[in-house]
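Everything on this sheet refers to the single structure shown next.
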């Protein structure tokens, strides 16, 4: 097993639940297998919801009960990532629930796509854990981790203090290695958004043909090979801070789309 936390598997089809449990066991993933009626009893033995990496939801027998199930899951842990099986992907969900769904998987699931979804769920979980931990240990001296006492650094601190607790988009300029991400993280962890994730994206490191999907996500069938829905970085950072690094390396058409997003946010 390469993870110490478990996957919550909920499926009212007992045969498929066993099949999915076998797949997860084969991948070395410890799981809690249950139906939509008894999942709360199953997780009741856990010391904390943090022991669960994500929830994989298959068939839910009662009509219209998927939405009700997701609401109770979110009430138990509002930051628990959800993976849906493909038959659920066409069901309309309220925006607050849809944001919790990282991807939809076909049955039988591709091992590579399942592992990719589990890895993304782990990244998502870690982002929230880090945000919560930093929020609990907030430094008493504002921006103390920004080292320096020069007039220029003092001016930077003054500007950061002006914008840290606002919802304004912030442009951080500087040469490579001057600490733009340090400034961005300081702004995040001293803002009202500090309990939500800080999501950094190095735009120069992502191939141009994948950048739009990485930032904005996509729905199942949006293009050839899009077998599942996928949340983008904008959606993962909802309520928190999205740090776009090296935006000058973006293709110009992508910069235009990004500008439109910033104008209409």
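Read-outs throughout are calculated quantities, based only on the coordinates presented, and are distinct from any laboratory measurement. If you're wondering where the values come from, they're calculated on a predicted model, not measured in any experiment. All Cβ positions, even for glycine, are placed from backbone atoms using ideal geometry, and neighbour counts span all protein chains on display.
Given Cα pairs under 8 Å that are at least 6 residues apart, what percent is the relative contact order of the chain?
Worked out over the chain, it gives 14 percent.
Taking a temperature of 10 °C and a viscosity of 1.306 mPa s, what whole-number D in µm²/s does Stokes-Einstein yield for segment 139-264 with Rh from Kirkwood over alpha carbon pairs?
My calculation gives 98 µm²/s for D.
Percent relative contact order of segment 6-133, based on C-alpha pairs within less than 8 angstrom and at least six residues apart? Please report the intermediate quantities before stating the final value.
Details: 164 pairs, mean separation 28.7, N = 128.
Result for segment 6-133 is 22 percent.
Hey, can you rank 212-219, 102-109, 200-207 by average C-beta count inside 10 Å, highest first? Could the numbers behind the result be given before it?
Details: 212-219: 16.4, 102-109: 19.2, 200-207: 14.6.
Put in order of decreasing packing, that is 102-109, 212-219, 200-207.
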With axes computed from alpha carbons, what is the tilt in degrees of helix 151-163 against the longest principal axis of the chain, rounded to the nearest 10 within 0 to 90?
50 degrees
May I ask for the percentage of alpha-carbon pairs in segment 1-47 that lie more than 16 Å from each other?
38 percent
So the FRET efficiency between residue 78 and residue 150, C-beta based with R0 = 41 Å and rounded to 0.05, is 0.45
What does the highest-first list of 258-264, 230-236 look like by mean Cβ count within 10 Å?
230-236, 258-264
Helix 65-76 vs. the chain, principal-axis angle (Cα, 0 to 90°, nearest 10):
50 degrees
How would you rank 241, 178, going from fewest to most other Cβ atoms within 10 Å of each one's own Cβ?
178, 241
Take the Cα radius of gyration of segment 6-133 and divide it by 2.2 N^0.38 Å, with N its residue count; two decimals is plenty.
0.97
How big, on average over all directions, is the shadow cast by the Cα convex hull of the chain, in nm²?
15.9 nm²
Relative contact order of segment 164-265, pairs being alpha-carbon contacts under 8 Å that are 6 or more residues apart, as %
30 percent
Please determine, in degrees from 0 to 90 and to the nearest 10, the orientation of helix 14-26 with respect to the longest principal axis defined by the Cα atoms of the chain, where the helix direction is its Cα long axis.
50 degrees
